[in-house]
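To start, the structure itself, in structure tokens.
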Amino acid sequence: MHRSPLRVAIDVSSAVDPRPTGIARTITGLVTGLQAHPGVELTLLCRSSRWRRARPTALFPGLPVRRWLDLGTPRGVDLLHSPDLRVPRRCRVPLVVTVHDLSALERSDHASSRFIAKKRARLDRAGRSADALLTSCASVRDDLIERLGLPPERVTAVPLWPGLPRGETPTLPPDSPARRELLLVGGPSRRKRSDWIAGFLPRWDRLTGLTEERVLWCGSAAESEARAFLASLPREIAARIDWLGHITDAELDRLLGRARAFLQLSDTEGFGIPLLEAAMRDCPIIATRCATAEEVLPADAVLWLDGEAGERGLEDWGSPEDRRARGERARAAAGRYTRERTVEGTLAIYRRVLSSSGASASAG
């Protein structure tokens, strides 16, 4: 029996940005995965405010991209997926919304009351409007259910996968003496605990015996914002940091393959994806202990920082053999996160929503 394609519209507005964020990378990855699925017919939407910034049709070759006023539902689709909390004012087809994290509410000490109120309003609206909500982590799913008082069956965690191409860049072993520099990913800000770098580096020097290790820092922050943050650090710390700004996936892949360690001070960065990408490149991982990091990688695969700036934990940097063993465990865990798993998990939610609503005869 012939089955019609599942006609899905995805709002890709947040991916249309000269400096792609973590949300932009997840949108691009999802579109790439769904585009390759034979049972899906994609239509991409871009809000007018973002359309003027870039050429969205160039970002997604081979796919139709419509300029969207965000007033209602596009015609000719079975379902709309909003991956950035900006739900349409009117939606006459089933709606799926992705909630990436709740950091604006959890780290209210570094967010304005106005920003928190806007974030809360969008969450409340998504909770009322969406037929299903997606998260990338079970910890975010559980928190979302509790905060919004939602029925558990309306919120599903669908894990993401490492976005970098696998096997295209030579990778040094985790204990290789040729590995140099620490690598950080993400826009520097106090909300992301970036200021902890001032306490971390001197401790790193003492425990490893290294002197003046350079820090390569890449992210989507504007140059002025990054420079202002670096200027707020002690001079001797800022002098050790090379701000790279936005870099391509190919360059990130190369850096992970040769960095001495990947350092994640933030508890929200990239929804766990940078940790998985570091693991796939055998790059030793040093991370602040948080629910997302502990969910995507096993406890014995990461060098955990407990307390501000890693007051405890670095003592276990260990021997080359220890680092190699941690790397093997991290890589094995990351290997379970695949495009196929993410796409099939997402499609399962689409199909369930359509089946419940009876809105379409498409089977997907």
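Since every read-out is calculated from the coordinates, none of them should be taken as a lab result. For clarity, every value in this text was computed on a predicted model and none was experimentally measured. So basically every Cβ, Gly included, is an ideal-geometry build from the backbone, and we count neighbours across all protein chains shown.
If you take percent of Cα pairs over 29 Å apart from the coordinates, which of (1) 50; (2) 63; (3) 43 do you get? Only one listed value fits the structure, namely (3). For the chain, modelled as a GNM whose springs connect Cα atoms under 10 angstrom apart, the maximal fluctuation among Phe271, Phe200, Phe115 occurs at Phe115.
Within the listed set Gly219, Gly76, Gly29, the residue fluctuating most in the Gaussian network model of the chain (springs between alpha-carbon atoms under 10 angstrom) is Gly76. Taking the DSSP beta bridges with both ends in the chain, the antiparallel portion is around 0 percent. Relative to the dominant Cα principal axis of the chain, helix 138-148 is inclined by about 60°. Taking other C-beta atoms within 10 Å as the exposure proxy, Tyr350, Tyr337 rank Tyr337, Tyr350 from fewest upward.
Selection among Pro284, Ile247, Leu303 by position relative to the dipole of segment 180-334 gives Ile247 as farthest towards the positive end (Cβ unit charges, Cα centre).
Here the chain is treated with +1 on each Lys and Arg Cβ and -1 on each Asp and Glu Cβ, and its dipole about the Cα centre works out to around 1740 debye. Charging the Cβ of each Asp and Glu at -1 and of each Lys and Arg at +1, and nothing else, the dipole of segment 180-334 about its Cα centre rounds to 200 debye. Report summary: the helix-based calculation at 222 nm, which adds -39500 (n - 2.57) for every DSSP H run with n ≥ 4 and divides by the residues of the chain, gives -10500 deg cm²/dmol.
Ranked by how many other Cβ atoms sit within 10 Å of their own Cβ, fewest first, the residues Phe229, Phe262 fall in the order Phe229, Phe262. Can you tell me the orientation of helix 197-208 relative to the chain, as the angle in degrees between its alpha-carbon axis and the longest Cα principal axis, to the nearest 10? Compared with the principal axis, the helix lies near 50 degrees. For the chain, the longest principal axis of the Cα atoms and the long axis of helix 320-334 meet at an angle of about 0 degrees.
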